[in-house]
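S.K.: Shown below is the structure under consideration.
The values are calculated or read from the model by the stated rules, or taken from the named source; none is laboratory data. All of these numbers come straight from a predicted model, not from anything done at the bench. Reconstructed Cβ throughout: ideal geometry from the backbone, glycine too, with neighbour counts over all protein chains shown.
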Amino acid sequence: MQKKILIIGTGLGGLSTALRLTSRGYEVEMVEQYHRAGGRLNLLEKDGFKFDMAPTFFSMSYEFQELVNDCNIRMPFEFVELDPLYSVHFEGDSRSYLIYKDLKKLALEFQHLEPDFEKKLHKFLKAAGQIFHDTEKIVIHQNFDSLAQYLLKLTTVPIKHAPKMFRSMWTEMEQNFESFEVKVIFSLVGFFLGATPFDTPAVYTLLNYTELVHDGYYNVKGGMYKIVEGLLRELENRGVKIHYNTEIVSFSEENGKIFWFTDRSGKEWKADQFVVNADAAGFRGGVLKRPAFSSEKLDVKKWTLAPLTIYLGLDTKVPEMYHHNYFLRRNFQEYAAKIFRNKIKLDKPYYYVNIQSMHNPGYAPPGKECIFILCPVPDLRYKPDWSDDQEIADGIIQDLGERTGFDFKKHTETRIVLNPEHWQNTFGLYRGSGLGLAHDLNQVGGFRPKNKDEKFSNLYYVGASTVPGTGLPMVVISSRLVTERILKDNGYLPEK
């Protein structure tokens, strides 16, 4: 008899899980709090401009290939590799640095700053690659039934990597490079995890290997939302129904199972099994009312930085900028130490700028440009009042203009600013944290909220806040892991 699964949330994890389950004969229905699918991988439209809301590139493209192979479909979107990957601008420096995947070109960028840079880089990346390949199958691609099982699995990781579990990414940079600029740029991957290199374990230098050697970064032709649109087309062909503007607020249980979930209007949503594509920790506390996941318990955990995002529609093109750009300052260590807890003024923040219409001209009317700016900021635990969000945005736009010589304010036709409170309310992000739980070693693998519920045998989780972690490819892996859970628990594999 065909089993029905209700998936709560239509982020990349939910959509990928729906695709995998329908490929195995399950009936799938989905509900979504927002008016459009995609979660953070979403789209804004205003005054003829389009904006990717959050993710603007991705890595580990082979995980998307695994997904489509697993579901026996063609890749539903096109992507192109980036090289250079991004540019980095330091305050007071007249030049910017282009970060090439071509290591010969990259060496030329830093030859005046770092003696023997190419030799040092190869040594650094070799070590990072060894960590990646020694841990990928052991930690990233595994379900764990218990903490003891996870810890036992960790004992199979070569002991030579142990020191990097206990020192920071920044310390690792100091052991490999001399130049301030080089150390900062190669530790930016810590910020990609929503943290800083001073509180990110050195094992995550494996991300330097994935970006520069293993696979690189990719843009999607036509914009990142093409990923969602492609998956939606396939799910529509399979008869998957999605109900938008539907927020789940309560549940009913019976004999150790979820009987139904109830939305804000009082409608009951029944199924044989349920998959939650929302914050795995926040949902357990907010909807299931678990004491172990109460606000008091969650607030003492480490969460990633929150996003302050700015979307600009310009009346002209921006000259002499790359697609992906980081704007940094010289107070790197002070800034990183204070930004999480709102102990530094946000008048001169660090930020990222994506010229979205540069590679996707359809995102802006002819002759115009659309810009996405992301500024990592304290979450709502440390800065609950965001009444100054427009003022902070003004300062960032002014600073960007001064540092590039282009008057962004003068040429702005339309503007949207979203602060952490918006992100919390729109997508259910706990305290507005952009990427969910941080990737401290005591919050990954078997320490992370599990993808199977502790109490209800028919309830599962998928997404960034469960295993294996945050980021688009990690979420695709998460969909595979939760599908394996469901198939194992049912004791059979339905025919594809």
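S.K.: Residue under question is Glu402, and the condition is that it be at pLDDT 95 or above, acidic (Asp, Glu), surrounded by fewer than 21 Cβ atoms within 10 Å (Cβ to Cβ) and not assigned by TED's automatic domain parsing to the domain that holds Phe192; does it hold?
M.R.: On the way: at pLDDT 95 or above: yes; acidic (Asp, Glu): yes; surrounded by fewer than 21 Cβ atoms within 10 Å (Cβ to Cβ): yes; not assigned by TED's automatic domain parsing to the domain that holds Phe192: yes.
Judged against the criteria, Glu402 is a match.
S.K.: While we're on this one: Specify the residue that is nearest to Glu174 (Cα to Cα); the eligible residues are those in the stretch 192-203 that are surrounded by 20 or more Cβ atoms within 10 Å (Cβ to Cβ) and out of contact with any helix residue (DSSP H, G or I) (no Cβ under 6 Å at 6 or more places or on another chain).
M.R.: My answer is Ala195.
Each row is one residue, and each column tells you yes or no for (1) assigned to a loop (DSSP other than H, G, I, E, B); (2) farther than 18 Å from Ser250 by Cβ; (3) modelled with pLDDT of 95 or more.
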position: Gly266; (1), (2), (3): yes, no, yes
position: Phe283; (1), (2), (3): no, no, yes
position: Lys297; (1), (2), (3): no, yes, yes
position: Ile310; (1), (2), (3): no, yes, yes
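S.K.: Can you give me the number of residues within the stretch 373-422 that are under 20 Å from Leu305 (Cα atoms) and in a loop (DSSP other than H, G, I, E, B)?
M.R.: 12
S.K.: Here's something else I'd like to know. Quick check on my filter: what residues within the stretch 180-211 are in a helix (DSSP H, G or I), β-branched (Val, Ile, Thr) and within 18 Å of the chain's Cα centre (by Cα)? Walk me through it before giving the result.
M.R.: Within the stretch 180-211, the first condition is being in a helix (DSSP H, G or I), and the residues that meet it are 180-186, 188-192, 202-211.
Among the residues that remain, those that are also β-branched (Val, Ile, Thr) are: 182, 184-185, 189, 203, 205, 210.
Across the stretch 180-211, the qualifying residues are Val189, Thr205, Thr210.
Conditions tested, residue by residue: (1) assigned by TED's automatic domain parsing to the domain that holds Tyr204; (2) farther than 30 Å from Leu235 by Cα; (3) in a helix (DSSP H, G or I).
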site: Ala107; (1), (2), (3): yes, yes, yes
site: Pro115; (1), (2), (3): yes, yes, no
site: His122; (1), (2), (3): yes, yes, yes
site: Gln130; (1), (2), (3): yes, yes, yes
site: Phe144; (1), (2), (3): yes, no, no
site: Tyr150; (1), (2), (3): yes, yes, yes
site: Trp170; (1), (2), (3): yes, yes, yes
site: Glu178; (1), (2), (3): yes, yes, no
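S.K.: Mind checking whether some residue in the stretch 64-71 is within 18 Å of the chain's Cα centre (by Cα) and within 30 Å of Val249 (Cα to Cα)?
M.R.: No, the stretch 64-71 has no match at all.
S.K.: Is there any pair linking a residue in the stretch 33-50 that is touching a residue at least 60 places away in the same chain (Cβ under 8 Å) to one that is small (Gly, Ala, Ser), with Cβ under 6 Å and at least six apart or on different chains, and which?
M.R.: The qualifying pairs are Gly39/Gly11; Arg40/Ala54; Asp47/Gly313; Phe49/Gly313; Phe49/Ala364.
S.K.: A further question on this structure: With respect to the numbered conditions (1) without any contact (Cβ under 8 Å) to a residue 12 or more places away in the chain; (2) in the same structural domain as Ala280 (by TED's automatic domain parsing), which one is the sole condition not fulfilled by Asp385?
M.R.: The one condition Asp385 does not meet is (2).
S.K.: Next question, about the same structure. Is it the case that some residue within the stretch 130-152 is loosely packed, with under 15 Cβ neighbours inside 10 Å, modelled with pLDDT of 95 or more and polar (S, T, N, Q)?
M.R.: no
S.K.: Only one of these is at positive phi and at pLDDT below 95: Gly194, Gly222. Name it.
M.R.: Gly194
Let's see how each residue does on (1) in a loop (DSSP other than H, G, I, E, B); (2) surrounded by 16 or more Cβ atoms within 10 Å (Cβ to Cβ); (3) out of contact with any helix residue (DSSP H, G or I) (no Cβ under 9 Å at 6 or more places or on another chain):
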site: Ala336; (1), (2), (3): no, yes, no
site: Asp347; (1), (2), (3): yes, no, no
site: Met358; (1), (2), (3): no, yes, yes
site: Ile371; (1), (2), (3): no, yes, no
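S.K.: Could you list all residues from the stretch 30-63 that are more than 25 Å from Leu193 (Cβ to Cβ), part of a strand (DSSP E or B) and not acidic (Asp, Glu)?
M.R.: Within the stretch 30-63, Met30, Val31, Lys46, Phe49, Lys50 meet the criteria.
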